[in-house]
Amino acid sequence: MSAHDFLLPRLRYHLVLNARRLVIACCGLLICSRPGIAHEYYAKQFVLIHPWTEPTEPGQTDARVHFRLESITGPDRLLGASFPFRAREVELRAGPDDAVPALTAIDISPGERFEFVPSGVHLLIKGLTEPLSADRSYPLVLRFESSGTLVVMMSMSGVD
Ligand SMILES: [Cu+2]
């Protein structure tokens, strides 16, 4: 067995391995930066899937946030959220009626699925300082009682 026979397969193995790592890294970037692609975040007790909101017009100061939790293995509570640099506050809402006072927390019980949608419990971004652009993604900070703080990137379309 020559040195060539010994080294070449190893070299190939390393190239394949590194190429695979690169592909995985690129997928992560694409998933986070391209709107409308389903993306997920793993927390202690659940998986948070596809946080998104919609582009806003100049002068529009509110935006509603959608996402869902899946594979919820234990109880948790969403205690608050913030949208640093771009909004005054993020409210926890019980439903579509803005006359109903904001919630102080949202209880999450174990189960298959928990949806945050404007027709039910959801987050309302208030006091936007700049319009939200369709070709961007934006960070949202979520604070859970048990799972701690989670920073997620919102895409600008609900289409997975
Ligand atoms: Cu997504």
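Calculate log10 I(q)/I(0) of the stretch 109-153 for q = 0.17 Å⁻¹, where I(q) comes from the Debye formula with a single equal point scatterer on each Cα and nothing for solvent.
For the stretch 109-153 at q = 0.17 Å⁻¹, log10 I(q)/I(0) is -0.73.
Fewest first, what order do S146, S119 take by the number of other Cβ atoms within 10 Å?
Ascending number of Cβ neighbours within 10 Å: S119, S146.
What residues qualify as long-range amide H neighbours of E54, i.e. H under 5 Å apart, gap of 5 or more or another chain, H built at 1.01 Å from N?
Close amide H contacts, sequence-distant or interchain: R64.
None of the figures in this text is laboratory data; all of them are computed from the coordinates on show. Computed from a predicted structure; not experimentally measured. All Cβ positions, even for glycine, are placed from backbone atoms using ideal geometry, and neighbour counts span all protein chains on display.
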